[in-house]
Amino acid sequence: MLVSGTGSILQALIDACADPGFGARIVAVGADRDGTGGVARAEAAGIPTFVQRLGDAPDRFMWDRKLTVDCHMFEPDLIVAAGFLKLVGAAFLGRFGGRMINTHPALLPAFPGLHSVRDALAYGVKVTGCSVILVDAGVDSGPILAQAAVPVLDGDDEATLHERIKVAERELVVDTVGRMVRYGWSVQGRRVRIGASG
Ligand code: GAR
């Protein structure tokens, strides 16, 4: 798993993985910065961790290669980015493309990018939510695996809305990762089907 922040979605996956029937095991947690809650949660759960900071690499290209090597060492079947605030590059996608997923706090293709909750509020939508997507070379542009809707309430600010989205997001990510590892998935164009019943 790749994280940049508090790691509450990571925690939901750690908890889900405690049940052998869930079908997944988190082999490592990586971050792009020091001192993340995500890495602390992984350490508390006895999961190997690594940090690959952009500032420690000569350029973005080399950072991407170093991150690829870090992940490759743990031989993951699936890469899950949850609140990972960096775009991966060609080396990473060459190695893990098609089996890297990201969770995003909006109903894509609406409100891609880093400020999606703020953008949705400012636009005045009455329903927003979260999307779990396969990562491609664009910004939040990959095929959609799953989505959940969350109503926007009149009194919402960015923080209250994001917290409510994250409640839905934790459930959606756990459900989606579990179904992917148990049943597999296939992609045709932009349409993704998980398992036989999709
Ligand atoms: C989640 O809402 C995730 O969608 C968002 O960061 C939060 C991480 O929460 N990611 C992005 O905005 C990436 N563009 P967490 O650290 O508590 O798991």
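The values are calculated or read from the model by the stated rules, or taken from the named source; none is laboratory data. Given the structure is predicted, the values throughout are model-derived calculations rather than measurements. Reconstructed Cβ throughout: ideal geometry from the backbone, glycine too, with neighbour counts over all protein chains shown.
Please state which one of Gly35, Gly5 is within 15 Å of the ligand (Cβ to nearest atom), outside any helix (DSSP H, G or I) and buried (at least 16 other Cβ atoms within 10 Å of the Cβ).
Selected residue: Gly5, the only one of Gly35, Gly5 that is within 15 Å of the ligand (Cβ to nearest atom), outside any helix (DSSP H, G or I) and buried (at least 16 other Cβ atoms within 10 Å of the Cβ).
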- prompt: Do you know which residues across the stretch 121-134 are away from the ligand (no atom under 11 Å from the Cβ) and touching a Leu at 6+ places or on another chain (Cβ under 7 Å)?
  reply: Leu121, Thr128, Leu134
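Residues that are touching a Ser or Thr at 6+ places or on another chain (Cβ under 8 Å), closer than 26 Å to Ala159 by Cα, among the hydroxyl-bearing types (Ser, Thr, Tyr) and at pLDDT 95 or above: does the stretch 96-107 have at least one? Full working, then the answer.
Applying the first criterion (touching a Ser or Thr at 6+ places or on another chain (Cβ under 8 Å)) to the stretch 96-107 yields 96, 101, 103-107.
This time we only want the ones that are closer than 26 Å to Ala159 by Cα, so: 101, 103-107.
Restricting the remaining residues to those that are among the hydroxyl-bearing types (Ser, Thr, Tyr) gives 103.
Retained after the next criterion (residues that are at pLDDT 95 or above): 103.
Checking the stretch 96-107: at least one residue is touching a Ser or Thr at 6+ places or on another chain (Cβ under 8 Å), closer than 26 Å to Ala159 by Cα, among the hydroxyl-bearing types (Ser, Thr, Tyr) and at pLDDT 95 or above.
Among the residues of the stretch 67-95, count how many are part of a helix (DSSP H, G or I) and surrounded by fewer than 19 Cβ atoms within 10 Å (Cβ to Cβ).
Total satisfying the criteria: 9.
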- prompt: Of Ser186, Ser141, which residue is over 13 Å from the mean Cα position of the chain (by Cα), part of a loop (DSSP other than H, G, I, E, B) and of a type in the set (Ser, Thr, Tyr)?
  reply: Ser141
